[in-house]
Structure formats: C-alpha cells, structure tokens
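Written below as structure tokens is the structure these notes are about.
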Amino acid sequence: MTEMTQDSLTAPTGRTNPEGRTSPDGVILEVRDLSVHFPITRGFLFQRQVGAVKAVDGVSFTVNRGETLGLVGESGSGKTTIGRAIMHLAETTGGEILFEGSDLTKLPRKEIRAARQRMGIIFQDPYGSLNPRMTAGNIVGEPLIVHKLTDTKAEYRSRVEELLITVGLNPSMTNRFPHEFSGGQRQRLGIARALAARPAFIVCDEPVSALDVSIQAQVINLLQDLQAEMGVAYLFIAHDLSIVRHISERVAVMYLGKIVEIATREEIYANPKHPYTQALLSAVPVPDPVIERQRERIVLRGDIPSPLNPPSGCVFSTRCPIATEECSVAMPEFTEFPGDHQVACFKATA
Amino acid sequence: MTQQSDTAGHLLDIRGLATHFATEAGIIKAVDDVSLYLDEGETLGLVGESGCGKSVTALSIMRLVQSPPGQIVSGEVWFQGQDLLALSESGMRQVRGRDIGMIFQEPMTSLNPVLTIGRQLTETLELHLRMSRSAAAARAGELLEMVGIPDAGERLSDHPHQMSGGQRQRVMIAIALSCNPKLLIADEPTTALDVTIQAQVLELLKSLASDLGTALLIITHNLGVVARYADRVNVMYSGKIRESASALDLYAKPRHPYTVGLLKSVPRLDQESEDRLQPIEGEIPDGTSLPSGCAFRNRCRWAVERCAEESPPMFDVEEGHQSCCWEWERVHSAPEVSEAPAS
C-alpha cells in the first residue's frame, strides 16, 4: 500500500505525454465536442449507409486530477459510449479527447498504448467482464504483463498479492476462478485489475448497479479510499442519482447523446435548472416515508425517443413540461450560471 | 408471534410457509417459516436483497414454484377464506389471474412474443370472465387506455417487441388488473426500467390499485419505493421475515440489525451524506451453508452468544411491530461510534 502511494501516481502532469506538452493545471481529461455515431447500413454485398445513431453528439467536459465527475443519464443517453470512446473501445466520429494534454483520437497506436496504461476501466457486469477461464491472479496481473511493468516473477507475484490486498481480497484466493467469488468480490477483482497499471484516471461504468444494496456501500467506500490514497480521478457513470451525489464532486446529466446540464454536486442537487434534471431528481424515491410522501413528482410524459430518430431542436423537447415552439427549432447552447454551472435550456433562469 | 387465530379481516394470511429447493449442494430453504398477512386494499412492501426468498414467497402464493427442484413443504396460504395450498390445480387456475394478479420484473419475458397485445388481454377476459370475443376486444381497448397507452385501440394489434419497456410493463398491469383482482402481486415491477419510467409506472400502479380497491404486495429491493407506496413493510433475509412494521415505524425506529444496516448503507438523494457510507460488512450467506442460529449474526454488530445457538422467534416490539432478533431491545438506528471497519 505504502509503495503505491509513494509511486508515480501523483507525478507531475505530462509524464507520459509524448509531445512534451503540459496539460492545463489540474485537468487530466478534456473532452471537446466529442461525437460517436454508429452507422446504419442497408444491403448485403454493397452496403450503403442510410443513417446514423448519434450515440454521443457534441459533448464537452473536463475531469480534474483526483476528482470524481459523475455522468448520469438513462439507458440510451450515451453515457457508456463516452466511457468507451475515452478508453478507445469505441471509434469516435468527431471531436477531441485530450488526456494529459495529448489528443487520443489522433495519437499513433503505440502512443495510445502508453496513454492507456495511465487509464483504467471498471465495468458494470462483474460476471461478464472477467474471463471465466483465468484465475483471479492472472486477471489482476494481466495488465502488468501487457504493459511489461514487472521484471521478475517474484515481483509480479508480490504485486498481484498487493493488489488483491488493496481491494480487500485475501491473497490466498489468487488461484481461484471467477465463479468461486461472490458478485461483490468479483467487482473487487475488476477494480484490482483496473488499478494494476497504476492509472491516474479510471472510467467506472455503473460499477455497483449489479450489486446488492448492502454490498454496494462496501464497493463505493473502497473506490473512495483508493482515490484518497492514490489521487486517481474517476469518471463515474451511473443512473443512480443518490450514489452519484455521494461520490462525485461535479455532475453531468446526459439525455439522448447530449449533456444538458453540468455543475458542482452542491449546485446540481440543490439548484437543478434543466427540466430534465429536475424531473430525474424528483423521480428518485427517498427512503423516508415522512419526506417521500410529501414530495412532488414531476412525472414525464412518454418514453425516451429513439436515438435513431431524435427530435428536432432540443433533444428533450418532446417530453419537456415547459417546452415552447422555439425548443423544437434548435438545440440550445450552454448558458453559464454561478457555481461552475452550465445548462443547455432556453428557459433556464438564475 | 402475533399471527391472528382466524383469517377474518385478512385478505391474505400466510402461516408458516416453507418452500425448499433441492440442489446438488444440498437443500436450500428459500422460504423458511414465513408468516405474513395483507388486508383488503392495503399495500404491503416485501423488501430484501437477492436470494432472500421474496420472489419465491410470491411464487409460492401463486403455486408457481417449479417442482422439481422446488417444493412447498409446509404452511398455509389463506386467501378469501380458502387455503390455496389445499386447492386442486384446476381450482388454483381459477384463482390465478382472476382473484390474484401478478406482475413480474421482466415485461419482455413475461409477455408472449408471438401473440398480439390484444390477444393477451382478451385471453384472460374470455377465460375468467367468460366474455364474448367482441366484448373482450372492446374491454381490452379500455384497459390499454386505462394504463395510459396512447392510441390504445390501434396498439391492440401490436406485438410486445413493438413496445418500449415501460409500455410493456403497462400492458402487464392492464392484464393483471383486467379481472379486477382482490390482490395484485408486483415482483420488482420497475427494476428493469429507467428512473423516469419507473416513476410513471409506479404512480400508475398505485393510483389504479387504490381506485379499484386492490390490495398490493410490492416486492422490491428498493427502500425508496417502499417508503413512498407501502402502508406496512416486511423485511426478509435468508428465507425469513426479520422485521415487520408500519412503513412509518420501520424507517423511524427499526428494531432489527439488518433493517438498520440496510437503511444506513444507502446514500440519500435528499441529504448531504457523510464521508463514508456504512455498509453491512461481509457477504450474503449462501443458502446451502447458513450459519447456525440467526443467519444474520456473522454480519451483525449486536450479535451475542445466544445468536449462534438458537434461531430467534418474532418478538413484539409494540402493536403492529415485530422483530426477529434476540437483542431487539438494544437495536436502534441512532448514530454511534462505529467500530473499526473490517477491510
């Protein structure tokens, strides 16, 4: 543990930056105008593109060193695709992903691998994301081999043991297979694997939503302890607004491929300005009957439109309780409010 | 033990229900001596984590437990004056869908993919209410409209895959309520849905149930859902009811360590949370290797020696509030100096 904290995790910016540029102070990741479109093709031999699913459409945000940015949205909002695009698991259509100052969308393959070493990802499904034929030790140690981070077998073994201890697993479990672990323990394995290469940034894609309530809190505490010890930054993707409130410093709300509101945690929960954020917050029941029975609910009409055929103008206009004609004409730009608060809504007021 | 000696007054009265599953690893007591009741028009929340036996309890009421490997080994399920467990299979078929409706978690898999929505609605109406085809078709349109599906008349010819998840769950509600049942069992009705759709479906379910006077058994792991909709709550863990109380009492003064742990481990949307969450340490035990005595004792900070020796009975905390814990008098949810967390 001590070895990890003293290590290069808190190294100055730009350590692996191949171009020698330094990133702006404190910012580890900057996403600029990112778009990820999936083509829809027709035809068998002569495939032609007939449309595109705009999974992510013109999204910009930053993540600071050692902070947690919560990314919330419902299914189909594009939050997972953003995480995958950052990790180079989905191809981008446009925009830039600046990680420690260098644009991942333009780097040559070799340098991407070096940058990837500084990033990790934790997946939602603790069952599907671990190779069932690999032992716990090999799963956790694989990044060490891929990035050639250990010189001797003994060093490799002790590093794997150390990682297992870090995430609260018994190192004697190193030869067990994933099916021998419970869901919570499997998610711990996934976290240990993400930590193996000592990343400065981790994409956490719904890391606790498949876990039981009593186990969720254990994993959240572990993620927070690791952040405090190692200064790692998280992009925390989730649909559970209560957990996002607990773990994030800033929160971005997505709807149908766009960020509609982004602010500090205090601002977004105390003073939500976008009608979608307001509806989302009011839809989450609070575990307290006295308070819950007095809460007003904004029940939205209808379903989330298909990203195949998004509404014209503002993406939320079809379900928005306060939409007017102008909302179906153009997507509103961000308006700045105090408290690092940006809202994409024509109706937003201070 | 406050089980009523007669079923008068209770719509549903379950006594000593036990459902076991035979597996290669041994017998799993999925439901182990469960007693609960539900009054007419009341909403009862049955809360617990995966594997606690809440869904098997619901399936046992409906006698839908697959056998083998499952078997209802003992108990009585009194519903409107008859013991459902003593009914013939054909008698039970009359109850299912007509007197007791059920909604499952997965609207995708609980609807028949090759039948139209309209047919799935009319089937129940023709079978249970002996409606003519045309009368059933007209009623089906009304039911779809009742659950808030736009252009209901035209959607009757749709197949389930043409609808969104939220709409499918609305169709399930329409089918479940089509015969005006006395009791509706909703097993994790919104877990598979998005937050804003969850709110839509739950508000609909609750308002329809109260309009029609249907009693509601909501099975869920979501403490927030229960807080909003349930009159009373039963908390399950490892096959047993651990605590039973009115929703107000359960949240304000829980008297079982598991309930206390559950309430403390979830961050709340309406409050600035503390720096660290307070999880329940340890793992949910495997059904084949439960600890002796109280199944929760390994994770319990109030556990004493007796907990390992004897399984606790239900103690009366006060009128309408029971806790299955030897140490219930010491158990409370007030904050105190927490012991060093085991990592």
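Quick note: the coordinates plus some simple rules give every number you see, no bench work behind them. Bear in mind that the values here come from a model prediction, so they are computed numbers and not experimental data. Note: ideal-geometry Cβ built from the backbone for every residue, glycine included; neighbour counts use all protein chains shown.
The region of chain A that goes longest without hitting one of the GluC sites (Glu not before Pro) in a DSSP loop, each with at most 13 other Cβ atoms within 10 Å, is A:92-295. Our note on the geometry: Cα centres of the range B:141-206 and the range B:84-109, 18 Å apart. Taking 22 Å as the straight-line reach from the Cα of A:K54, the lysines in range (excluding those fewer than 8 positions away in the same chain) are A:K79, A:K106, A:K258.
Other residues within the sphere of radius under 12 Å centred on the Cβ of A:T318, judged by their own Cβ, net out at +1 (K and R +1, D and E -1). Every Cα-Cα pair in the protein assembly as shown was counted, and those over 41 Å apart are 35% of them. Mean sequence separation of contacting Cα pairs (under 8 Å, at least six apart), scaled by the length of chain A, corresponds to a relative contact order of 20 percent.
Can you give the percent of C-alpha pairs in the range B:207-343 whose distance is more than 21 Å?
Details: 4292 of 9316 pairs.
So the pairs more than 21 Å apart make up 46 percent of the total in the range B:207-343.
How much net charge surrounds A:D225 when only other residues with a Cβ under 13 Å from its Cβ are counted (Lys, Arg +1; Asp, Glu -1)? Present the calculation step by step, with values, prior to reporting the outcome.
Values: positive: A:R188, B:R276; negative: A:E229, B:D275.
Result for the neighbourhood of A:D225: 0.
Springs join every pair of Cα atoms under 10 Å in this Gaussian network model of chain A, and among A:L45, A:L256, A:L144 the largest mean-square fluctuation is at A:L45.
Could you check what % of the DSSP bridge pairs in the range A:2-248 are antiparallel, to the nearest 5?
Numbers: 20 of 34 bridges.
Bridges in the range A:2-248 that DSSP calls antiparallel: roughly 60 percent.
Of the DSSP beta bridges with both residues in the protein assembly as shown, give the percent that are antiparallel, rounding to the nearest 5. The antiparallel fraction comes to roughly 65 percent. Shown for the range A:52-159 is the translational diffusion coefficient from the Stokes-Einstein equation, using the Kirkwood radius over Cα pairs, a temperature of 20 °C and a viscosity of 1.002 mPa s: 131 µm²/s.
Rounded to the nearest 500, the 222 nm mean residue ellipticity of chain B from helices alone is -9000 deg cm²/dmol, with -39,500 (n - 2.57) taken per DSSP H run of at least 4 residues.
By the beta-carbon count within 10 Å of each Cβ, the least crowded to most crowded order of B:S210, A:S242, B:S60, fewest first, is B:S210, A:S242, B:S60.
Explain nothing, just the number: relative contact order of the range B:201-343, from Cα pairs under 8 Å at least 6 residues apart, as a whole percent. Result for the range B:201-343 is 22 percent.
Placing unit charges on the Cβ atoms of the charged side chains and taking the dipole of chain B about its Cα centre, the candidate lying farthest along the positive direction among B:M131, B:L248, B:W326 is B:M131. Taking θ as phi - 60° and the Karplus parameters 6.51, -1.76 and 1.60, the scalar couplings of the range A:304-309 work out to 5, x, 6, x, 5, 9 Hz in sequence order, x denoting glycine and proline.
Only one residue of B:S35, B:L115, B:A192 has its Cα farthest out toward the positive end of the dipole of chain B, where Lys and Arg carry +1 and Asp and Glu -1 on Cβ, and that residue is B:L115.
Projecting the Cα atoms of A:A115, A:S77, A:G95 onto the charge dipole of the range A:52-122, computed from C-beta unit charges around the Cα centre, puts A:A115 farthest toward the positive end.
Here the range A:275-350 yields Rg over Rh of 1.03, to two decimals, using C-alpha coordinates and the Kirkwood radius.
Equivalent-ellipsoid semi-axes for the range A:201-288 (Cα gyration tensor, √(5λ), whole Å, largest first): 22, 16, 12. The orientation-averaged shadow of the Cα convex hull for the range A:94-232, equal to a quarter of the hull surface, comes to 9.2 nm². Relative contact order for the range A:275-350: 21 percent, from Cα pairs under 8 Å spaced at least 6 residues apart, divided by residue count.
Separation of the range A:170-247 from the range B:273-290 is 15 Å, based on Cα centroids. Charges were assigned to the Cβ only: +1 to each Lys and Arg, -1 to each Asp and Glu. The resulting dipole of the range A:2-248 about its Cα centre is roughly 780 debye. Computed over chain B with a Gaussian network model linking Cα atoms closer than 10 Å, the most mobile of B:E40, B:E329, B:E274 is B:E274.
How big is the charge dipole of the protein assembly as shown about its Cα centre, in debye rounded to the nearest 20, if each Lys and Arg gets +1 on its Cβ and each Asp and Glu gets -1 on its Cβ? Spell out each step's value before the answer.
Details: 66 positive and 86 negative charges, 387 e Å.
Computed about the Cα centre, the dipole is about 1860 debye.
Among A:Y127, A:Y255, the order by Cβ neighbours within 10 angstrom, fewest to most, reads A:Y127, A:Y255. Under a GNM of chain B (C-alpha, springs under 10 Å), which listed residue has the highest mean-square fluctuation: B:L38, B:L143, B:L129? Maximum fluctuation in the GNM of chain B, among the listed residues, is at B:L129.
For B:L217, what charge total do you get from the other residues with a beta carbon under 14 Å from its beta carbon, if Lys and Arg give +1 and Asp and Glu give -1?
Numbers: positive: B:K54, B:K182, B:K206, B:R232; negative: B:D13, B:D39, B:E40, B:E42, B:D99, B:D187, B:E188, B:D231.
Counting the neighbours of B:L217, the net charge comes to -4.
An ellipsoid equivalent to chain B, defined through the eigenvalues of its Cα gyration tensor, has semi-axes of 37, 23, 18 Å when rounded to whole angstrom and sorted largest first. Considering all C-alpha pairs of the range A:2-248, those separated by over 34 Å amount to 17%.
With 10 angstrom as the radius, rank A:M134, A:M230 by how many other C-beta atoms surround their C-beta, starting from the fewest. Mind showing how you got there, number by number?
On the way: A:M134 14, A:M230 20.
Listed from fewest to most nearby Cβ atoms, that is A:M134, A:M230.
Whole-percent P(r), the range A:105-187, all Cα pairs, 5 Å bins from 0: 3, 13, 22, 23, 19, 11, 6, 3, 0. Computed about its Cα centre, the charge dipole of the range A:275-350 is approximately 300 debye, with only Lys, Arg, Asp and Glu carrying charge at their Cβ. Among the trypsin sites (Lys or Arg not before Pro) found in the range B:208-265, not one is both in a DSSP coil and sparsely packed, with 12 or fewer other Cβ atoms within 10 Å of its Cβ.
Each 10 Å bin, from zero up to the one with the longest distance, holds this percent of the alpha carbon pairs of the range B:200-285: 14, 43, 32, 10, 1.
As a test of the formula, what do you get for chain A when each DSSP H run with n ≥ 4 contributes -39,500 (n - 2.57) and the sum is divided by the residue count, at 222 nm and rounded to the nearest 500 deg cm²/dmol?
Working: 11 runs with 103 residues, N = 350.
Calculated at 222 nm, the ellipticity per residue is -8500 deg cm²/dmol.
Counting pairs on different chains as well as pairs 8 or more places apart, how many Lys pairs in chain B have Cα atoms under 13 Å apart? All intermediate terms of the calculation are to be shown ahead of the outcome.
Numbers: B:K29/B:K54; B:K29/B:K240; B:K54/B:K240; B:K253/B:K264.
So the count of such lysine pairs works out to 4.
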